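The values are calculated or read from the model by the stated rules, or taken from the named source; none is laboratory data. Fair warning: this is a prediction, and the values are worked out from it, not measured in the lab. Side chains are part of the model used for accessible areas, which takes the heavy atoms of the whole protein and leaves out ligands, DNA and RNA. Shrake-Rupley method; radii C 1.70, N 1.55, O 1.52, S 1.80 Å.
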Amino acid sequence: MLQKEWTDGNGVTHLAGDSVDVDAATLAALQAEGIVSEQAGSGNGGGTKDGSEWVGPGGAEWVGPGSVQP
């Protein structure tokens with residue numbers, strides 16, 4: 001999640017609070033500059049823009065293709 005306004009390489013401006021998808025090198029550069037923060041729920045299944053947990057493939061409550069049933 002962006003902590004500060006950022007303009008990407010295509011000239012598109014993203015506002016503070018926006019979530020953007022970037023490659024690993026760009027993410028590292030943005031982290032080094034203090035432009036991004038860790039997103040709530042990152043890791044297992046990821047999170048959403050509002051910080052709530054996303055439950056889907058791989059999530060604890062997911063029942064569907066790829067889920068492991070006891």
Long-range HN-HN contacts of V36 with modeled amide H, under 5 Å
Q3, Q31
Want the number for E38 to A24: 0.36 nm per residue separation, take away the alpha-carbon distance, what's left?
3.7 nm
Quick one: ranking L15, L30 by accessible area, 1.4 Å probe, largest first, what do you get?
L15, L30
Taking a 1.4 Å probe, which of V20, V12 shows the most accessible area, and what order do the others take after it?
V12, V20
